[in-house]
Structures are given as C-alpha cells and as structure tokens.
1. In vacuo Debye scattering of chain A, one point per C-alpha: log10 I(q)/I(0) at q = 0.16, 0.17, 0.19, 0.22 Å⁻¹?
2. Counting C-alpha atoms alone, how compact is the range B:94-220: give Rg to one decimal and Dmax as a whole number, in angstrom.
3. Using the structure shown, select from B:177/B:253; B:9/B:177; B:97/B:173; A:90/B:238 the pairs with a Cα to Cα distance greater than 28 angstrom.
4. Just counting partner chain Cβ atoms within 10 Å, what average do the residues of peptide A:7-14 show around their Cβ?
5. On average, how many beta carbons from a partner chain sit within 10 Å of the beta carbon of a residue in B:194-203?
6. Would you pull out the residues with amide H under 5 Å of residue B:26's amide H, same chain only if 5 or more places away, H placed 1.01 Å from N?
7. For chain B, set up a Gaussian network in which alpha carbons nearer than 10 Å are linked by springs, and say which option among B:249, B:30, B:228 fluctuates the most.
8. Starting from the Cα gyration tensor of the protein assembly as shown, take the square roots of the eigenvalues, sort them a ≥ b ≥ c, and report rounded, prolate or oblate (rounded when a/c is under 1.5, otherwise prolate if a/b is larger than b/c, else oblate).
Amino acid sequence: MKIILNNSSMVPIYEQLMDQIKNEIIEGRLVSETALPSVRTLSGELKISALTVKKAYDRLEEEGFIVTVHGKGSFVAETDKNLALEACRKTVEDEFAKVILKAKNFGFSKEEIQDVVSIILEEDK
Amino acid sequence: MITAKNVTKRYVDFTLQVDFEIPKGRITGFIGKNGAGKSTTMKLILGLVSPDEGEMIVMGSSATNLSIKEKENIGVSLAESGFSPYLRIADITKILKKAYPNFAQEKFENACRSMGLPLNKPMKEFSTGMKAKLRVLVAMTHEAKLLILDEPTAGLDVEARNEVLDLIREYMKEDEKRTVLITSHISSDLESLCDDIYLIDNGKIILHEDTDVILGEYGILKVDQETFQKMDKSFLAKTVPTSFGYTCFTKEKRYYKDNYPGMVIENVKLDELILMLTEFKKGENEK
C-alpha cells in the first residue's frame, strides 16, 4: 500500500488517507480480505497521529470499504466494484455541487459555469 | 491511565494548576515554553513532588503512594538525568536487571548496538545525542506500560531527534495498550508523534486538542484591514494586528476557506499556535 500525504494541503490528512486507500481498493491493488496495517503501525510509518488513522479507518468502515474485527484488525471488505465506483461518483458530485453553489453566489450563469468546466478540461489535455 | 483532578502545586513565584485525563493507548504531548510547568507536571505524575491540593491518580493509585510493583510499570526519562559518567552501558545493565524484573537485557543491548552506543565505553565519552538515546532506551526496555519522557529530544540535532521519535513509535507498535507522555519545547517533534496535545502556559493548561484537529481544522488567516472589517468574525479565536492588517487564528478554517475564496489561509504549526495563544494572554494581562 503506498500512501503519499501532503502536510501543507488544505485537505485534512484523514481525508487524504481515506481517498488513497479507497483508490487502492477501487483500482484493485488492495483486494478483499487483505489485512490493513494496524492503526499504530500506519501512524508510525506515516508519522501522523493514531487518531487520524483511526478516523480514516472508521469512515472507510462506515462507507463499507473495510471491516474492523475487534482484536484482529481491519480488513478490506468484499466490495462490489460498481458500488465503489458509485461512491467515487458521489464524492465528485458533492465537490461539484459545492463549487457550483459558490459560482452561483458570485452570480455566474449556467453557461458561464459550463464554460469554466470546458476550459479546465481543455487545459488538462 | 492518568487522571489529574484539580492538581495544584505552589512554589514561591509559580503556581501550577492542572486538570486532565490521559487514556490508555495514547501518545500525549505536553508543549509549552521553558518554565511553563511541563516538568513539574511530570514530577507530580511520578510522585516526585506531591500536590498541595487535588489528586494525581496514576494507574488507579495516588501518584505519591505507588507501590514498587506499580512503579515497575513506568518507564522514565527525565531531562538532565542519567548515570554516573564513569559507568559503561555494560555496568548499568547490571543495575537495570536488579531494578526491573522485566528488564530485557538482550533486547536492550541489541538496541544499543543498532543505535551506535558502545557497551564498553564510559558514558563520559558519549555525545549529547548518545546520552539522550540511552536515556530513552533505558526507559523503554523493561516492558513498561507507561512511558514518561521529559524533553527526550532537547539539545539533539534533527537526525538524532528522528531516531528518538522512531524509538517511541516502535515501542507503541509493539503493544497498542501502552501509553506515552512526552514533553518538548520543540513542537514540530510532537506534531508527527502525538495523538493529542496539551499546551501549558504559566502553570495552566490553555489548550487541549487532538493533533488531528489542530492540523486539520485550525488555521491562520492573513487579512488586510478592509477584508477584516467586512468578514464574519464569529469563528476567530484570536486576532493579532500586523503590518498588513491582521493575523487571525481560527478553529474552523474550512468555514473561511469555503466562504472567502482567495483569502490567505495557512495550516497551523504548533509553534505558531504557542506564540499566538501565549501572546494573547500577555495582551490580556496588560489591559
């Protein structure tokens, strides 16, 4: 499992951690029933607080990506690929919804928002 | 693991008054300026000084009445403490074996070797870093359930500091029920190590927060006069005037990030937090 955390990012560390573990699962690098490192181990390796790791694990469990067996540790859950993709889609949608709301607050029209999106997509190519 | 109930200790020109609860399985950090009361707190926990008021409970017993058996469960490294400089590690091993029935000699000697500490040299020939590493190793190689480290990284260079921190991380990995209490005035050390942080100033705890929350939700805003007048100030915990306007400390950086695009928002470093919060108190006093 490779995790890269950006300490100066505005995205909270637990969220970065969650997203990366999710990606590993969705892209099949972490298969179901794989044991995840213990909270303390991962915290030591990434040099972050154990509570941060725990928070990420807890959220991942809520979203059904991992299962925690008391006394044994956390494991990658049996995930339905589609369900996982749906979860990603939902995250992206939520983010877009936020930005669109912001744009509307600035008085952007629907077309203007679409323009911005197409420009950014163009730039990416 | 440790409970301080209204613990008060008075000295001629200094009073410490603390309340806290440290659960099992945590790495808890105490930060603060020199003379803030960190070491006194550690001494109270170890029963080396007794409180004038209140109660310090360690592993279920009063800190001043811990039995020898209970004390064996505590590993300690105090700043400036140590063994006679004329002894060698090979000599202190014998002392430790007698003092702690659970002392793991082989593990200790292996750890010393891998840290580059010679077993057969008198300790007066050790560098500051070597002495510090030895202090921490001594504290952690008798299967202690509670580790109390007062300034284990003071005076060390960045590499030696990292080695000491890694030792603590390893110790916690071995058994997740262990508890570590660490003080430091080099707060960047604690950012990457501790689960929660107490900020102590002038004998009082002025902040207790999970490291995760400090790094994830606290923020420093830098705004000019004009923006400052107009912005919502309800989530500002502290504001300091500067040459360009104001530097503000918030516990809700996301609120400002979402509502004020373009505003300069920085993540909080513990050092800045100490300065912001302790300066604040100074300002208050002057009023």
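The values are calculated or read from the model by the stated rules, or taken from the named source; none is laboratory data. What you are looking at is a predicted structure, and each value in this text was computed from that prediction instead of being measured. Virtual Cβ from ideal backbone geometry, glycine too; neighbours counted across all protein chains shown. The protein model used for the area step is the full one, side chains on, heavy atoms only, and it has no ligands, DNA or RNA in it. Shrake-Rupley method; radii C 1.70, N 1.55, O 1.52, S 1.80 Å.
1. -0.86, -0.93, -1.06, -1.26
2. 16.2, 52
3. B:177/B:253; B:9/B:177; A:90/B:238
4. Numbers: counts 5, 2, 1, 8, 1, 8, 5, 3.
If you average over the peptide's residues, the count of other-chain Cβ atoms is 4.
5. Numbers: counts 3, 9, 3, 1, 0, 0, 0, 0, 0, 0.
Mean shielding count: 2.
6. B:180
7. Among B:249, B:30, B:228, the largest mean-square fluctuation in the Gaussian network model of chain B belongs to B:228.
8. In terms of gyration-tensor shape, oblate.
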